[in-house]
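Worksheet: one structure, shown below.
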Amino acid sequence: MIITFFMVFKKYPSIDQFRSVVQTYRFRKEQDPLLSSEVVFTGTVKLHGTNAGIGYCPSTEEFWVQSRQQIITSRSDNVGFAMFVERHRESLKSVLQNLSQVNPEKFLVMYGEWCGGSIQANVGISGLTTMFVVFGVALYSGGSLLSSETDNSEDECQWLTVEQYCQLLQPLADKHIYSIHKFPHWTLSIDMDEPDMSRPQLVAITQEVERECPVAKYFGVSNGVGEGVVWTGVLTGSNGLITNIRFKVKGSKHSVTKVRTLASIVPEKIASIREFVEYAVTEQRLQQGFDELFLKQDKTPTSQDIGSFINWVKQDVFKEEIDTLVHSGLNGKDVVAPIAKKAGSWLKERL
């Protein structure tokens, strides 16, 4: 008898800047003039931990665990998440089996943040009992054994509503598994034709979270620093097509760029290559790369890792700031060497 195992890695989609979501709306509006401009967004606390996921295929009853980048196991773990899931495997699998009834022909991935403990430092939730906080469940079609994919298109999956999974997670609180909607969250209607009108509210909420993390406060930690807020909404086209859109607004203490204006709808105007590198290659971005490549992999970097670290930083800068380069009239090729020099020097000091 041949046994087929079905484990498909599906990366959680990147969360854009506010300005990127505005550009996405404007592009869709050109294609569909009847696209609704009023979008209701739900804001949830952005937790500073590590992205994690749990997959389940109803047809084979296969169950797997993943990090931001790959499928993991307790023998090849990501700061203990796979081991945590293994301890609570039956409870989590029961939740996923219930959720799979929405469409038994598709497999699903439950996404969340593995946070608390010593996973990240200098935030309100640091030092709390490690926890898995779910912020989304997606249904997918097809796939192949252990396939690896880039960021998924929002049009390729079906996102379950908060109501569909939130109640199922409530009995797991004693196991330190929660829905992000268990904690304080916000609702904000944004007119995408005039997005700048909502910027003061976005900034005020972000600064409120940065002053005192609502999740840390829920667990009894006052005055703990929060990272920011993730906003989730949907664009509804005239043909009924619904597209999920998300953006993040981080406080100044956790922004990976030296932003002058929070939640801006236009890129920063940078005067020179030197100023761009200072703006984009910050301590926060470099530390984020270090955490992703080394700390979360429980790996001690060596001189042979300098190249991969530099590549991570370059890719991250271009992914998030290519519009800033274009807006500033700077040539992307001209910033590669200065980025590499700064990133390489930073890592060498830590070897």
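Below is a table of values for the structure above.
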item	result
Test result for Phe290, crowded, with 18+ Cβ neighbours inside 10 Å, among the hydrophobic types (A, V, I, L, M, F, W, C) and closer than 23 Å to Arg75 by Cα	yes
Residue among Val234, Val266 that is in contact (Cβ under 8 Å) with a residue 24 or more places away in the chain, closer than 24 Å to Asp193 by Cβ and assigned to a loop (DSSP other than H, G, I, E, B)	Val266
Sole exception among (1) farther than 24 Å from Thr130 by Cα; (2) out of contact with any strand residue (DSSP E or B) (no Cβ under 8 Å at 6 or more places or on another chain); (3) surrounded by 15 or more Cβ atoms within 10 Å (Cβ to Cβ); (4) not hydroxyl-bearing (Ser, Thr, Tyr) for Val225, by number	(1)
Selection within segment 113-129 - in contact with a strand residue (DSSP E or B) (Cβ under 7 Å, 6 or more places away or on another chain) and on the phi < 0 side of the Ramachandran plot	Glu113, Trp114, Cys115, Ile119, Ile125
Test: residue in segment 56-63 that is among the hydroxyl-bearing types (Ser, Thr, Tyr) and at pLDDT 95 or above	yes
Checklist (1) in contact (Cβ under 8 Å) with a residue 40 or more places away in the chain; (2) closer than 18 Å to Val133 by Cα applied to Ile71, failing item	(2)
Residue that is nearest to the chain's Cα centre (by Cα), among those in segment 269-281 that are surrounded by fewer than 17 Cβ atoms within 10 Å (Cβ to Cβ) and not in a helix (DSSP H, G or I)	Lys269
Matching residues in segment 231-243 - criterion: being at pLDDT 90 or above and either of a type in the set (Lys, Arg) or in contact with a helix residue (DSSP H, G or I) (Cβ under 7 Å, 6 or more places away or on another chain) (or both)	Leu235
Tally of residues being more than 25 Å from Lys182 (Cβ to Cβ) and assigned to a strand (DSSP E or B) across segment 243-263	1
From Phe27, Phe9, Phe41, residue being surrounded by fewer than 20 Cβ atoms within 10 Å (Cβ to Cβ) and in contact (Cβ under 8 Å) with a residue 24 or more places away in the chain	Phe9
Flag if Ser255 is small (Gly, Ala, Ser) and either in contact (Cβ under 8 Å) with a residue 60 or more places away in the chain or loosely packed, with under 15 Cβ neighbours inside 10 Å (or both)	no
Qualifying position, being in the same structural domain as Gly127 (by TED's automatic domain parsing) and under 26 Å from Ala82 (Cα atoms), among Cys213, Cys157	Cys157
Check on Leu262, surrounded by 18 or more Cβ atoms within 10 Å (Cβ to Cβ) and either at pLDDT below 95 or farther than 27 Å from Arg75 by Cβ (or both)	yes
Meets criteria (in a loop (DSSP other than H, G, I, E, B) and in contact (Cβ under 8 Å) with a residue 60 or more places away in the chain) for Pro301	no
Options Gly332, Gly344; residue that is of a type in the set (Gly, Ala, Ser), touching a helix residue (DSSP H, G or I) at 6+ places or on another chain (Cβ under 7 Å), closer than 30 Å to Gln31 by Cα and free of Cβ contacts under 8 Å to residues at least 60 places away in the same chain	Gly332
Asp193 vs. criteria surrounded by fewer than 16 Cβ atoms within 10 Å (Cβ to Cβ) and of a type outside the set (S, T, N, Q)	yes
Where Pro33 falls short, out of the listed (1) under 29 Å from Phe132 (Cβ atoms); (2) loosely packed, with under 14 Cβ neighbours inside 10 Å	(1)
Residue, farthest from Leu172 (Cα to Cα), within segment 90-105, restricted to residues that are touching a residue at least 24 places away in the same chain (Cβ under 8 Å) and either touching a helix residue (DSSP H, G or I) at 6+ places or on another chain (Cβ under 8 Å) or of a type in the set (Ser, Thr, Tyr) (or both)	Val102
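The values are calculated or read from the model by the stated rules, or taken from the named source; none is laboratory data. Because the structure is predicted, anything quoted here is derived from the model rather than measured. All Cβ positions, even for glycine, are placed from backbone atoms using ideal geometry, and neighbour counts span all protein chains on display.
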